[in-house]
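**Q** Have a look at this one before I ask anything.
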Amino acid sequence: MFIVAIILGFLLALSIAMYWETKELIKSNDLGNSEAGYYDFADRSLNITARRNHINKSEISCNVR
Amino acid sequence: MDNIKMNAAGAGVQMKCPACGAALYFDPLSGQMKCAYCGQDYSTSEVKAENEFDVDDSIECNVYICRSCGAELNVNDNECSTFCAYCGQPTVVFDRVARMKKPQFIIPFSITKEQAVARIRQNVSESKYVPESMKSFSIDKVVGIYIPYWLYDMEYSDAQFIEGTVGSGKHKTVYYYFRAADTFFRNITLDASRQLNDESSRRLEPYMTEQLIPFETSYLSGFYSDRYDVSQGDLRRQAVERAAERFDDTLFKEVAASDHAHSLHALKKDPRYNVTDVKYAFLPAWFLTFRHENKPYTMMVNGQTGKVVGGLPTDMNKLKVKIAILTAILTVPASFLFYLLLDADSSRGKTRIIGFLVMAMIAFFGKAISNLKTVKKSESLTSDYGINNYSNQR
């Protein structure tokens, strides 16, 4: 049981360490990727003309407009 | 075959090649409009679309050929090239004058060459994972290039039936939503150069397009510029895809906020769009080339905002050491946790927690591999032959 606990503990630790370090690696070496976007409409809100929550599934067979 | 078409008023209108601005003639064999100068073929509708909004003037650029390495250098009119930007030899000779379609707008460089280099050096020196030998890298070449872009204005509307989930585990419920919305997208930017790959140019964004100003040839002084070789018609589909992507993202965020829903996807859509305007513009970028282990890398800097783009080489040994240290630190508490769980009496509870930890372990491994692939892809884009060629040929 002790051996199994060590193996599982090692694997969990390795997975966390790999995830953490590769996340830091992206921040450090992959420059300019995360902020790629479209400035002009990044903060542009949509003009919502119709809004309905929790509709019946049967209504989906209707035409959208 | 003549290259003159008659417009509605009966006046002669000469069709110009979208790529080089030279006159087109109709080729009866292919049924296409053909450029006598650069040899490109176009459908008549494509040429019509290109010429509809075309300003009827163009600018000249001087083409130099390097006798040493054969590179072709495009230099703006009134300037001359005295050395080859590719091999550095003073063996360039004037070859010809080429015509280039004049852009309607431009964003001039506001980041200087020194600022661009300093920003890249700062990023390299702050990186914890680049090889030590790279920290003091020597620069092969820095060139400022105006990249040709098409800018699309578009009215976009859609009505969607959306499926989403509220809650989790045993308490999750699937709901259906309906939304209809419209918006106006201004200046969706798409690079019009075939040589520069789309992924690289997309990473250079965003450009602050409210700073676009009418084009003046004088802004090109001291910089290289590229001619567009992808027509605005060819990129229209990509512009619509970008608009749809942004529209759906914003719409889903609204649904998520209104009902705490997640895992949203559209079951039915009815998108409609209308491209109201397409503008041709030059946007600035610095290209910095250096070598590491005999492999060329080209980093880019947005010439307006100073955003640095590119994948730096990774020192895998450094990465392995850091992972090993962190693993050693975490193994003790993680093993102790598993020992307590395996030793516990409640078999049902402990199985559930161990199962959760194993799932988390698999998820962490999966995400780590995905992160590594992202970094490798970014590095390969930076060391890609195409992007090096893009700057080296200027």
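The values are calculated or read from the model by the stated rules, or taken from the named source; none is laboratory data. These figures come from a predicted structure and were not determined experimentally. Here the Cβ positions follow ideal geometry from the backbone for every residue, glycine too, while neighbour counts run over all protein chains shown.
**Q** What pairs come up if the first residue lies in the range B:164-177 and is closer than 17 Å to residue B:254 by Cα, the second is among the hydrophobic types (A, V, I, L, M, F, W, C) and outside any strand (DSSP E or B), and their beta carbons are under 6 Å apart, counting only those six or more places apart or on different chains?
**A** Note: pairs meeting the criteria are B:176/A:55; B:177/B:255.
**Q** Let me spell it out: the conditions are (1) more than 22 Å from the chain's Cα centre (by Cα); (2) more than 8 Å from every other protein chain (Cβ to nearest Cβ); (3) basic (Lys, Arg), and residue B:279 meets all of them except one. Which number is the exception?
**A** (1)
**Q** Please go through the range B:109-127 and pick out each residue that is crowded, with 18+ Cβ neighbours inside 10 Å and over 10 Å from residue B:308 (Cβ atoms).
**A** If the condition is that a residue be crowded, with 18+ Cβ neighbours inside 10 Å and over 10 Å from residue B:308 (Cβ atoms), then B:109, B:111, B:127 are the ones that fit.
**Q** When residue B:360 is evaluated against the numbered criteria (1) more than 7 Å from chain A (Cβ to nearest Cβ); (2) part of a loop (DSSP other than H, G, I, E, B), which criterion, by number, is the only one it fails?
**A** Exception for residue B:360: condition (2).
**Q** Of a type outside the set (D, E, K, R), in a loop (DSSP other than H, G, I, E, B) and at pLDDT 70 or above: does that describe residue B:103?
**A** Values: of a type outside the set (D, E, K, R): yes; in a loop (DSSP other than H, G, I, E, B): yes; at pLDDT 70 or above: yes.
Spelling it out, residue B:103 is indeed of a type outside the set (D, E, K, R), in a loop (DSSP other than H, G, I, E, B) and at pLDDT 70 or above.
**Q** Regarding residue B:218, is this residue out of contact with any strand residue (DSSP E or B) (no Cβ under 8 Å at 6 or more places or on another chain), among the polar types (S, T, N, Q) and over 24 Å from residue B:288 (Cβ atoms)?
**A** Details: out of contact with any strand residue (DSSP E or B) (no Cβ under 8 Å at 6 or more places or on another chain): yes; among the polar types (S, T, N, Q): yes; over 24 Å from residue B:288 (Cβ atoms): yes.
Taking the combined requirement at face value, the residue satisfies it.
**Q** Still on this structure, I have one more. Is it the case that residue B:194 is outside any strand (DSSP E or B), crowded, with 22+ Cβ neighbours inside 10 Å, within 16 Å of the chain's Cα centre (by Cα) and modelled with pLDDT under 90?
**A** Working: outside any strand (DSSP E or B): yes; crowded, with 22+ Cβ neighbours inside 10 Å: no; within 16 Å of the chain's Cα centre (by Cα): yes; modelled with pLDDT under 90: yes.
So residue B:194 does not fit the description; no.
**Q** Quick check on this structure: which one of A:35, A:59 is of a type in the set (D, E, K, R) and at pLDDT 75 or above? Walk me through it before giving the result.
**A** Details: A:35 fails: at pLDDT 75 or above.
A:59 is the lone residue from the list that is of a type in the set (D, E, K, R) and at pLDDT 75 or above.
**Q** If you don't mind, there's one more thing I want to ask. Can you tell me how many residues in the range B:310-336 are more than 7 Å from every other protein chain (Cβ to nearest Cβ), under 30 Å from residue B:196 (Cβ atoms) and of a type in the set (A, V, I, L, M)?
**A** Count: 1.
**Q** Can you work out which of the residues in the range B:216-233 that are in a helix (DSSP H, G or I) and touching a residue at least 12 places away in the same chain (Cβ under 8 Å) is farthest from the other protein chains (Cβ to nearest Cβ)? If you could, list the steps in order and put the result at the bottom.
**A** Our first condition is that a residue be in a helix (DSSP H, G or I); within the range B:216-233, this holds for B:217-220, B:232-233.
Filter once more, keeping what is touching a residue at least 12 places away in the same chain (Cβ under 8 Å): B:217, B:219-220, B:232-233.
Values: B:217: 26, B:219: 21, B:220: 24, B:232: 17, B:233: 21 Å.
Going through the qualifying residues, I end up with B:217.
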